[in-house]
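Enquirer: My structure is below; once you've seen it, I'll send some questions.
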Amino acid sequence: MQWLQYTTEGMWTAPKSVPPAIDLGEFEVREYQSGDGPKLFRAIEESRDAILPWMIWCLTDHLKVEDSIFYVQRFVRDQGREDVTDIPMGIFEKRSGELVGATGLHDIKARSQQAEIGYWLHPRVHGQGLMTRVATALLTQAFTSQDAGGYGLRRVVILPSTRNEPSVKVCERLGLHREGILRQERYLGLPKENPIGYLDMCIYAALRDEWLNR
Ligand SMILES: CC(C)(COP(=O)(O)OP(=O)(O)OC[C@H]1O[C@@H](n2cnc3c(N)ncnc32)[C@H](O)[C@@H]1OP(=O)(O)O)[C@@H](O)C(=O)NCCC(=O)NCCS
């Protein structure tokens with residue numbers, strides 16, 4: 001049936017094996033492995049105040065170490081599945097083995113071969129340009145073909161709030177194309193007594209050919 005062929009043509013599927021870790025010298029970025037849960041929990045505990053209000057899940061998720069262990073195990077279980085829509089990754093300090101932040105390819109849209117990169121860092125490594133280095137390498141891996149150790153995506157977006165100055169600066173420094181503003185796109189119910197309300201989000205994007213030939 002021709003229409004059936006049309007509906008699956010060009011659809012993205014996840015790599016069959018986990019792509020290699022990204023080596024950034026003192027740091028490495030990789031998909032989670034069994035055993036990373038407690039490290040993830042520790043980093044979130046120590047970063048919760050600093051990464052709120054932009055990471056609103058901090059209020060409801062990873063409240064106990066078991067939550068983070070379960071979160072990691074769920075993704076490890078799904079590694080190798082073709083239809084994943086979320087590939088979270090940790091940023092590890094090689095010397096200590098500790099997790100100092102997280103990133104990943106989220107909200108993957110198979111039909112348009114598109115994903116969103118999200119990120120946060122432990123405050124002890126803020127302000128050193130680390131996230132720009134992480135995101136540069138992750139964008140390259142996201143666009144590299146699966147045969148060559150990448151994820152084979154075609155378009156990647158980053159959506160910082162217009163008020164999130166450090167994150168907007170990361171996107172600008174990456175040289176991404178600012179495509180516009182998504183008005184009142186996300187609700188921010190903080191602080192509780194006087195919530196900020198709906199936030200405008202910038203949409204920054206990179207396309208595979210543009211990024212790999214920049
Ligand atoms: C966004 C984040 C990952 C940036 O990482 P980083 O590696 O510290 O970023 P950089 O060191 O490249 O700093 C980015 C820029 O923001 C500036 N900056 C840092 N903290 C700032 C602050 N509180 N207010 C304004 N600017 C700030 C830095 O000076 C730098 O600007 P410069 O290029 O002019 O020097 C980090 O701030 C973070 O984890 N924030 C909380 C979570 C978050 O907001 N995630 C993004 C959601 S879209």
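Enquirer: Please list, ordered by first then second residue, the pairs with beta carbon atoms under 6 Å, 6 or more apart or interchain, first in region 174-196 and closer than 25 Å to Thr132 by Cα, second of a type in the set (Asp, Glu).
Expert: Every condition considered, the pairs that remain are Ile181/Asp200.
Enquirer: Can I ask one more? So, of the residues in region 44-97 that are of a type in the set (Lys, Arg) and surrounded by fewer than 14 Cβ atoms within 10 Å (Cβ to Cβ), which turns out to be nearest to Gly149 (Cα to Cα)?
Expert: Arg81
For (1) surrounded by fewer than 14 Cβ atoms within 10 Å (Cβ to Cβ); (2) within 15 Å of the ligand (Cβ to nearest atom); (3) not aliphatic (A, V, I, L, M), each residue gets a yes or a no:
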{"site": "Leu176", "(1), (2), (3)": "no, yes, no"}
{"site": "Glu185", "(1), (2), (3)": "no, yes, yes"}
{"site": "Leu188", "(1), (2), (3)": "no, yes, no"}
{"site": "Asn194", "(1), (2), (3)": "yes, no, yes"}
{"site": "Gly197", "(1), (2), (3)": "yes, no, yes"}
{"site": "Cys202", "(1), (2), (3)": "no, yes, yes"}
{"site": "Ala205", "(1), (2), (3)": "no, yes, no"}
{"site": "Trp211", "(1), (2), (3)": "no, no, yes"}
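Enquirer: Would you confirm whether or not region 198-208 contains a residue that is more than 24 Å from Leu52 (Cα to Cα), over 16 Å from the mean Cα position of the chain (by Cα) and not basic (Lys, Arg)?
Expert: Checked region 198-208: at least one residue is more than 24 Å from Leu52 (Cα to Cα), over 16 Å from the mean Cα position of the chain (by Cα) and not basic (Lys, Arg).
Enquirer: Evaluate region 155-162: report whether one residue or more is more than 14 Å from the ligand (Cβ to nearest atom), touching a residue at least 60 places away in the same chain (Cβ under 8 Å) and not acidic (Asp, Glu).
Expert: no
Enquirer: Something else now. Which one of these is hydroxyl-bearing (Ser, Thr, Tyr), touching a Lys or Arg at 6+ places or on another chain (Cβ under 6 Å) and closer than 16 Å to Gly90 by Cα: Thr136, Thr132?
Expert: After ruling out the rest, the residue left standing is Thr132.
Residue by residue, here is whether (1) surrounded by fewer than 19 Cβ atoms within 10 Å (Cβ to Cβ); (2) touching a residue at least 24 places away in the same chain (Cβ under 8 Å) holds:
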| position | (1), (2) |
| --- | --- |
| Leu99 | no, yes |
| His106 | yes, no |
| Ser112 | yes, yes |
| Glu116 | yes, yes |
| Thr132 | yes, yes |
| Ala137 | yes, yes |
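Enquirer: Within the bounds of region 5-27, is there any residue that is within 16 Å of Leu121 (Cβ to Cβ) and at pLDDT below 95?
Expert: Within region 5-27, not a single residue is within 16 Å of Leu121 (Cβ to Cβ) and at pLDDT below 95.
Enquirer: Across region 90-110, what is the number of residues that are more than 16 Å from the ligand (Cβ to nearest atom) and over 13 Å from Phe27 (Cα atoms)?
Expert: Of the residues in region 90-110, 3 are more than 16 Å from the ligand (Cβ to nearest atom) and over 13 Å from Phe27 (Cα atoms).
Enquirer: Any residue in region 41-64 that's of a type in the set (Ser, Thr, Tyr): show its pairings with residues that are assigned to a loop (DSSP other than H, G, I, E, B) and within 12 Å of the ligand (Cβ to nearest atom) at Cβ separation under 6 Å, as long as the two are six or more apart or on different chains.
Expert: Partner pairs satisfying both residue conditions: Ser47/His122.
The values are calculated or read from the model by the stated rules, or taken from the named source; none is laboratory data. In this text the structure is predicted, and so the values were computed from the model without any measurement. Counting neighbours? That spans all protein chains shown, and the Cβs are built from the backbone with ideal geometry, glycine included.
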